[in-house]
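A short write-up of the structure that comes next.
Derivation of every value follows stated rules applied to the coordinates shown; laboratory data play no part. The structure displayed is predicted, hence computed values, not measured ones. Neighbour counts run over all protein chains shown; Cβ positions are idealised from the backbone, glycine included.
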């Protein structure tokens with residue numbers, strides 16, 4: 001499977017080609033996997049234009065934050081078959097999942113489990129053990145969180 005990516009700027013030495021825009025990436029892709037931080041800067045990053053560029057054979061996979069995808073535009077694209085389908089484990093207005101999405105046969109809906117891999121869970125458990133060991137040995141943590 002060929003892979004390309006889009007980000008605000010190309011990543012030096014990335015093994016994949018960088019696309020200059022999200023629309024360009026969607027035009028190229030069969031599967032557009034969205035992995036982006038939430039917030040004002042990425043709200044509705046995936047909009048009607050991106051979905052239109054993805055096209056009737058394209059699939060959207062969103063494992064980032066629900067606010068990144070314009071859910072109304074997504075429902076419209078799915079209902080009109082402007083994209084082939086979507087897989088979502090985040091939603092724009094969580095915990096509510098729109099009835100329009102639940103009624104569709106070209107969408108897969110899951111709770112937010114994108115990080116639920118064996119390797120990720122093992123790494124999380126190891127990080128807890130590493131934090132405990134360092135705390136009891138030196139009184140500090142590997143991954144300290146600010147308390148204020």
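Top mean-square fluctuation among 81, 121, 43, Gaussian network model of the chain, C-alpha springs under 10 Å?
Fluctuation is largest for 121.
Note down the Stokes-Einstein diffusion coefficient of segment 12-71 in µm²/s, whole number, using a Kirkwood radius over alpha carbon pairs, 10 °C, and 1.306 mPa s.
Numbers: Rh = 11.9 Å.
Answer, rounded: 133 µm²/s.
Can you compute the equivalent ellipsoid semi-axes for the chain, i.e. the square root of 5 times each eigenvalue of the Cα gyration tensor, sorted largest first and rounded to whole Å? Walk me through the numbers before you get to the answer.
Details: eigenvalues 227, 79, 41 Å².
Sorted largest first and rounded, they come to 34, 20, 14 Å.
Any idea what diffusion coefficient segment 105-148 gets from Stokes-Einstein, in µm²/s, Kirkwood Rh on alpha carbon pairs, 25 °C, 0.890 mPa s? Walk me through the numbers on the way to the answer.
Numbers: Rh = 13.0 Å.
In µm²/s, the coefficient rounds to 189.
Once the Cβ-Cβ distance between residue 76 and residue 133 is put in as r, and R0 is 41 Å, what FRET efficiency do you end up with, to the nearest 0.05?
Values: r = 52 Å, r/R0 = 1.27.
Here the calculated transfer efficiency is 0.20.
Over 15 Å apart: what share of the alpha carbon pairs of segment 49-123 falls there, rounded to a whole percent? Intermediate values should be presented prior to the final figure.
Numbers: 1483 of 2775 pairs.
Summing the P(r) tail past 15 Å for segment 49-123 gives 53 percent.
At what distance in nm do the modelled label points of residue 42 and residue 12 sit from each other, each positioned 7 Å from its Cα along Cα→Cβ?
It is 2.4 nm.
Distance from the Cα centre of segment 61-80 to that of segment 84-148, in angstrom?
20 Å
Given a Förster distance of 30 Å, report the FRET efficiency between residue 30 and residue 94 from their Cβ-Cβ distance, rounded to the nearest 0.05. It would help to have the intermediate numbers written out before the result.
Values: r = 27 Å, r/R0 = 0.91.
Calculated transfer efficiency: 0.65.
Can you tell me the 0 to 90 degree angle between the C-alpha axis of helix 118-138 and the longest principal axis of the chain, rounded to 10?
Between helix and principal axis, roughly 30 degrees.
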